[in-house]
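The values are calculated or read from the model by the stated rules, or taken from the named source; none is laboratory data. The structure presented is a predicted model; accordingly, all values stated were derived computationally and were not measured. Cβ: placed from backbone, ideal geometry, glycine included. Neighbour counts: every protein chain shown. SASA here: full protein model, heavy atoms, side chains in, ligands and nucleic acids out. Shrake-Rupley method; radii C 1.70, N 1.55, O 1.52, S 1.80 Å.
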Amino acid sequence: MNITGQTKLVGVFGYPIGHSVSPQMHNAAFEHLGMDWCYLPFAVAPDNVATALRALPAQGVVGVNVTIPLKELALAAVDEVVPPANLVGAVNTVHCRDAKLVGYNTDVAGFTRSLAEAGEDLRGRTAVVLGAGGAARAAVVALAQMGAARIWVVALQVELERGARTAELARRADRGAVGAVIEWKRPALRAAVAQADALVNATPIGMYPHHEQPAPVPASWLREGMLIYDMVYNPSDTRLLVAARRRGCRTLGGLRMLVLQGAESFTVWTGRRAPTDIMQEAVARALAK
Ligand code: NAP
């Protein structure tokens with residue numbers, strides 16, 4: 001990489017940030033397209049996120065991604081919010097435009113596009129979303145927008161308020177989706193999974209370095225023909241996905257969503273179409289290390 005006075009800067013804010021593979025993903029795309037751009041990681045503590053974002057336009061930085069645990073704080077810090085980030089209640093991409101901070105949520109498009117690419121159509125279907133955080137809310141908005149008939153959000157008991165907010169989102173998010181929140185307790189969860197056409201894991205359960213922990217639901221609950229979507233991308237093949245394939249389910253992992261949300265951010269900043277295959281190869285290489 002040849003960084004000069006002309007090089008345009010983008011990056012990612014997170015805390016911690018050492019695990020992020022976004023620098024490899026975006027820098028591979030810039031290199032492939034011969035663009036004089038550079039993507040850097042920044043460890044920004046939650047207390048500093050508003051100050052750090054506000055400083056970007058003055059430094060000529062084009063924009064940043066924002067990751068765990070800063071996405072909700074970023075929503076509050078930006079000057080303008082582009083739908084559906086307002087619905088999700090989280091911003092994962094910031095673009096510095098005319099000295100203003102414009103916030104986007106590209107997780108929704110990443111999730112939707114990954115399903116479309118795989119030929120999955122959840123119109124009129126019942127989906128169970130495990131988790132009640134930012135990724136769960138992105139899934140709920142996407143599912144509602146694609147016309148899922150029923151969306152159940154499964155939240156830990158302590159998460160009921162957050163869970164209820166996420167379920168309310170499903171009720172509001174148009175196209176008549178019916179949302180409900182279910183406590184993370186065995187009988188209710190089992191009954192929901194039994195009726196689901198699709199199960200989405202939007203919790204960190206199964207993520208490295210806890211990849212050996214049990215899958216979020218027992219394998220025996222999964223039925224042939226169900227779609228199991230695990231947003232976790234490290235490892236790319238989680239215990240949930242392995243069990244689901246054995247049970248005859250269709251499966252999708254989080255890696256493609258990661259690439260496609262990154263591709264949307266790339267386009268927001270550069271106005272160019274992202275080379276998603278190159279980005280995916282770079283992510284796979286980084287995760288294999
Ligand atoms: P988050 O805001 O921290 O939310 C995580 C949710 O999972 C919370 O509701 C949390 O409840 C719940 N949870 C955590 N551990 C749990 C457990 N053991 N049992 C039941 N529920 C549990 O995180 P996030 O941003 O939504 O991300 C969630 C996952 O999605 C992460 O693995 C992230 O890497 C992944 N993700 C992937 C992509 C992609 O592009 N593939 C994009 C975004 C996120 P508590 O708050 O009570 O702990």
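Structure data summary
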quantity	calculated
Qualifying residue in the stretch 166-180 (condition: under 20 Å from the mean Cα position of the chain (by Cα), in a helix (DSSP H, G or I) and modelled with pLDDT of 85 or more)	no
Sole exception among (1) modelled with pLDDT under 95; (2) open to solvent by less than 10 Å² (accessible area, probe 1.4 Å) for Asp98, by number	(2)
Per-region count, the stretch 191-211, residues surrounded by fewer than 20 Cβ atoms within 10 Å (Cβ to Cβ), within 15 Å of the ligand (Cβ to nearest atom) and either touching a residue at least 12 places away in the same chain (Cβ under 8 Å) or in a helix (DSSP H, G or I) (or both)	4
Flag if Gln195 is modelled with pLDDT under 75 and assigned by TED's automatic domain parsing to the domain that holds Ala118	no
Some residue of the stretch 111-120 being in the same structural domain as Ile205 (by TED's automatic domain parsing) and away from the ligand (no atom under 16 Å from the Cβ)	yes
Residue among Ala144, Ala77 that alone is surrounded by fewer than 20 Cβ atoms within 10 Å (Cβ to Cβ), of a type outside the set (D, E, K, R), without any contact (Cβ under 8 Å) to a residue 40 or more places away in the chain and touching a strand residue (DSSP E or B) at 6+ places or on another chain (Cβ under 9 Å)	Ala77
Residue in the stretch 246-262 that is farthest from the ligand (Cβ to nearest atom), counting only those that are in contact (Cβ under 8 Å) with a residue 60 or more places away in the chain and buried (at least 19 other Cβ atoms within 10 Å of the Cβ)	Leu252
Single residue of the stretch 214-231 satisfying the filter (touching a helix residue (DSSP H, G or I) at 6+ places or on another chain (Cβ under 8 Å) and either farther than 15 Å from Ala196 by Cβ or of a type in the set (Gly, Ala, Ser) (or both)) that is nearest to the ligand (Cβ to nearest atom)	Met231
Residue in the stretch 131-149 that is part of a strand (DSSP E or B) and either more than 9 Å from the ligand (Cβ to nearest atom) or out of contact with any Asp or Glu (no Cβ under 6 Å at 6 or more places or on another chain) (or both) present	no
Filter result for Leu56 (over 25 Å from Phe111 (Cβ atoms) and touching a Cys at 6+ places or on another chain (Cβ under 8 Å))	yes
Evaluation of Val128 against (1) among the β-branched types (Val, Ile, Thr); (2) buried (at least 24 other Cβ atoms within 10 Å of the Cβ); (3) at pLDDT 90 or above (one fails), failing number	(2)
The one condition in (1) within 13 Å of the ligand (Cβ to nearest atom); (2) surrounded by 19 or more Cβ atoms within 10 Å (Cβ to Cβ) that Ile68 fails to fulfil	(2)
Pick from the stretch 80-90, criterion in contact (Cβ under 8 Å) with a residue 24 or more places away in the chain and away from the ligand (no atom under 12 Å from the Cβ), ranking: most open to solvent (accessible area, probe 1.4 Å)	Leu87
When residues of the stretch 236-245 are limited to those that are surrounded by fewer than 24 Cβ atoms within 10 Å (Cβ to Cβ) and part of a helix (DSSP H, G or I), the one farthest from the ligand (Cβ to nearest atom)	Arg245
